[in-house]
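Working notes, structure below.
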Protein chains: 2
Amino acid sequence: MTIHTSMEFRSATLLGTGAGTGFEALLPASPLQPATLYSSGSEIYAQGEKAGDLYQVEFGAVRVYRLLADGRRQISAFHLSGEVFGFEADKTHHFFAEAIGATGIRVMRPHAGIDFSRELLPLALQSLVRAQEHLLVLGRQNAAERVAAFLLDMAARQGDLEEIDLPMSRSDIGDYLGLTIETVSRVFSRLKEKGIVRLPGLRKVKIVRMHTLRDMSE
Amino acid sequence: MTIHTSMEFRSATLLGTGAGTGFEALLPASPLQPATLYSSGSEIYAQGEKAGDLYQVEFGAVRVYRLLADGRRQISAFHLSGEVFGFEADKTHHFFAEAIGATGIRVMRPHAGIDFSRELLPLALQSLVRAQEHLLVLGRQNAAERVAAFLLDMAARQGDLEEIDLPMSRSDIGDYLGLTIETVSRVFSRLKEKGIVRLPGLRKVKIVRMHTLRDMSE
DNA sequence: CGCCACGTTGAATCGGCTCAAAACCCGTGG
DNA sequence: CCACGGGTTTTGAGCCGATTCAACGTGGCG
């Protein structure tokens, strides 16, 4: 279940998108910090495991989720290049984290220095605000509004380019938005029919009428 | 709209439930820190206002929420006695906070000291985990499961007493759980019929079969 | 005592789900 | 180069749970 290949890199080659986030201070002293390659679907950590480390996405994407006893899944967040995840309130993971497609992850083991919390707090707060916005979507928006909000969020996190990559499957999107894959698919089709988006590939979306999407998500 | 009465207290008289949370360090130096009384429904802060201060509930309860353009409301959290709220990622409030019933609030203006982040991070992380658990409820649970999870959460935060107080209205509960008041009411009635809870008052719930509720919320 | 906001209950509607089948994409091998 | 195969996505039909709309009950307070 947890086939995860490990692979060493020279950080200089890989840093790229990860640089400039201002968290280099958290990295261990070595300037050649190795990263790990996770193959598609492999587990980064599991619910119940000991927590403490943080993770930064080098490339690829990650889904963080919980399961109910009967298998229902709620993805609480996706993490893209450069983003840091793995925060927990206590020393145990309450969620699962898996790679979406081949993904490079840098592990950061923060030694509890003085700067530690000062660096982390803004990141934790950003995650908090994201989660709270997501609550509004899940609690009070219909299927079309949810998908619109999702596309706008993904676009914003990819620099507001009109053509965005969706590394995740329809099933992932459904489990993120609290919808079934069929409903997600139907909304995508309707957005295409109405000329609001184009779908040049299964995992590519070109946003044609950004403002219409914004109106939809209110 | 923002009728909010202000009233001075001697902190020694009021601290009570607020003590022992370990955040006295954040309070200004004065040992007689005044608290403020907010009347039922009055606004503590509004979306768009400048943020920065934190707030600790002395007594009463607070709802934190966002609105959609058409008036739909999502309550992202309730805060009870002793709890700290008001975190934001940037220097602007993205949510509204209102008193539920008469509520005493202690304002904490943390001067950006070294300890600041170290004290705040665990609080922020607790809020984050709560929000993420809430996502699972809103995204993947049905009406009965949502109400069960809500009652268990409220019970846990009131020391796992069998008789719990619900300071908030059915409308607040609905807007917290992503349901209508009618659905909330129907679920309460069915829980009562089945002998899982008793409803000795409109805002009191006696949990008779805790384990059944736990099974329901999975 | 009577008012009025809040809460409960009922009937009909509707949005998203379930179940089912067809279409599509893409890697593989002939 | 094309045919094959398996997984993902799309589309369709019918169903069901939560909502909407409406009426009635209730309890808290002046």
Handout entry: Long-range HN-HN contacts of A:Met108 with modeled amide H, under 5 Å
Key = A:Leu54, A:Tyr55, A:Gln56
Completion exercise
region A:61-90 scanned against label point 7 Å out from A:Asp165 along Cα→C-beta; backbone N under 18 Å for A:61-64, A:78-84
Practice task
Could you check the simple spin-label distance between A:Glu49 and B:Asp53, using points 7 Å along Cα→Cβ, in nm with one decimal?
Solution key: 4.3 nm
Handout entry: Loop-located trypsin sites (Lys or Arg not before Pro) in region A:187-218 whose Cβ has at most 12 other Cβ within 10 Å (DSSP)
Key = A:Lys194
Handout entry: In sequence order, calculated HN-Hα J values of region A:79-92 (Karplus, 6.51, -1.76, 1.60; Hz; x Gly/Pro)
Key = 10, 9, 3, x, 7, 10, 9, x, 4, 9, 6, 10, 8, 10
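Once R0 is set to 45 Å, what does the formula 1/(1 + (r/R0)^6) return for the Cβ-Cβ distance between A:Ala102 and B:Arg214, expressed as a FRET efficiency to the nearest 0.05?
Once rounded, the FRET efficiency stands at 0.70.
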Problem - Accessible area that becomes buried as B packs against A, both chains, 1.4 Å probe, Å², nearest 100 - result: 3900 Å²
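Per residue, how much accessible area does region B:142-190 have with a 1.4 Å probe, in Å²? Can you show the working numbers first?
Numbers: 1900 Å² over 49 residues.
In whole numbers, region B:142-190 has 39 Å² accessible per residue.
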Exercise for the section: When a/c is below 1.5 the answer is rounded, else prolate if a/b is larger than b/c, else oblate, so apply that to region B:136-195 with a ≥ b ≥ c taken from the square roots of the Cα gyration tensor eigenvalues. Expected result: rounded
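The values are calculated or read from the model by the stated rules, or taken from the named source; none is laboratory data. If you're wondering where the values come from, they're calculated on a predicted model, not measured in any experiment. Positions of Cβ are backbone-derived with ideal geometry, glycine not excepted, and every protein chain shown enters the neighbour counts. Only protein heavy atoms, including side chains, enter the accessible area calculation; ligands, DNA and RNA are left aside. Shrake-Rupley method; radii C 1.70, N 1.55, O 1.52, S 1.80 Å.
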